[in-house]
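Chemist: Provided herewith is a single structure, encoded as structure tokens, for subsequent inquiry.
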Amino acid sequence: MKVLPVLISGLVLGAFAVVGVALVAVTHASTAERIAANDRMTMLRKLQAIVPAEQIGNDPIADRIDVQDQKMLGAPNTQVYRVRKDGEAVALVLNPVVPDGYAGPIKLLVSVMKDGSLGGVRVISHHETPGLGDKIEETRTDWVLGFAGKSLDNPSEGQWKVKRDGGVYDQFTGATITPRSIVKAVANTLRYVKAQGEQLYTQPAVPAGKGAS
């Protein structure tokens, strides 16, 4: 009878299918874990670039909240990483978006120290013109490093502009829009943190396992 061989073949193929699906699932899970671990290490290195490592006494990635203020921070949802040392607040690190870059949105990472001064600013991603707008990258020029230590009092509110607009920040030859937009976004981030105050440190952290959007 041919029924038995066909049945056996079907069972074998089914077994292979089950094993194949299981292998894919295991591979996906292990790969996802490695990607998550790599993303975590990358973010920690970025945080440590704008907040001195010796001042980080907690896990800022675990001590994260999400806030919503698109007008000030440029995106519907913004992550805020809280930095603490010995239980005391040290800094907030936000990832605002510059919505009006010359060639599209520019993603930033901005650290605001407890005293309201900037620990630093870094450009995470952008699509600005090579050779012009990409001077915002710290690997190309030191322009973005000039924000460290600045606050809404230094320079004064009215000087948070590029020099062409009457402010104190340099613009790039042939690419004024990019630095102008970033200066505005950084100033708005400082204003947001000042307005929200202590509650940014006291809100409950996002539950573990809930990814940033």
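Read-outs: derived from the displayed coordinates by stated rules, not from any lab. Values in this document were obtained by computation on a predicted structure and should not be read as measured data. No Cβ is skipped: glycine too gets one built from the backbone with ideal geometry, and neighbour counts run over all protein chains shown.
Chemist: Cα centroid distance between region 184-201 and region 64-83, in Å?
Modeler: Spelled out, the Cα-based centre of one part sits 10 Å from the other.
Chemist: Lysines near K135 by alpha-carbon distance under 23 Å, same-chain residues fewer than 8 away left out - which ones?
Modeler: K46, K107, K150, K161, K163, K184
Chemist: Divide the volume of the convex hull of the Cα atoms of region 57-194 by its number of residues and quote the answer in cubic angstrom per residue.
Modeler: 103 Å³
Chemist: Rounded to the nearest 0.05, what FRET efficiency do D165 and S125 have when you use their Cβ-Cβ distance and R0 = 25 Å?
Modeler: 0.50
Chemist: For region 115-213, rounded, prolate or oblate, judged on the Cα gyration tensor with a ≥ b ≥ c (square roots of eigenvalues), a/c < 1.5 rounded, else prolate if a/b > b/c?
Modeler: Taking the square roots of the gyration eigenvalues as a ≥ b ≥ c, region 115-213 is oblate.
Chemist: Once you charge only the Cβ atoms, +1 for Lys and Arg and -1 for Asp and Glu, what is the size of the charge dipole of region 53-202 about its Cα centre, to the nearest 20 debye?
Modeler: 360 debye
Chemist: Among the GluC sites (Glu not before Pro) in region 57-143, which ones are in a DSSP loop with at most 12 other Cβ atoms within 10 Å of the Cβ? Mind listing them?
Modeler: Of the GluC sites (Glu not before Pro), not one in the loops of region 57-143 has a Cβ with at most 12 other Cβ atoms within 10 Å.
Chemist: Could I have the simple spin-label model distance between V18 and Q199, label points 7 Å from Cα toward Cβ, reported in nm to one decimal?
Modeler: Each label point is offset 7 Å from its Cα along the Cβ direction, giving 5.5 nm.
Chemist: Just to confirm a number: summing +1 for Lys and Arg and -1 for Asp and Glu over residues other than D100 whose beta-carbon lies under 11 angstrom from that of D100, what do you get?
Modeler: My count for the surroundings of D100 gives +2.
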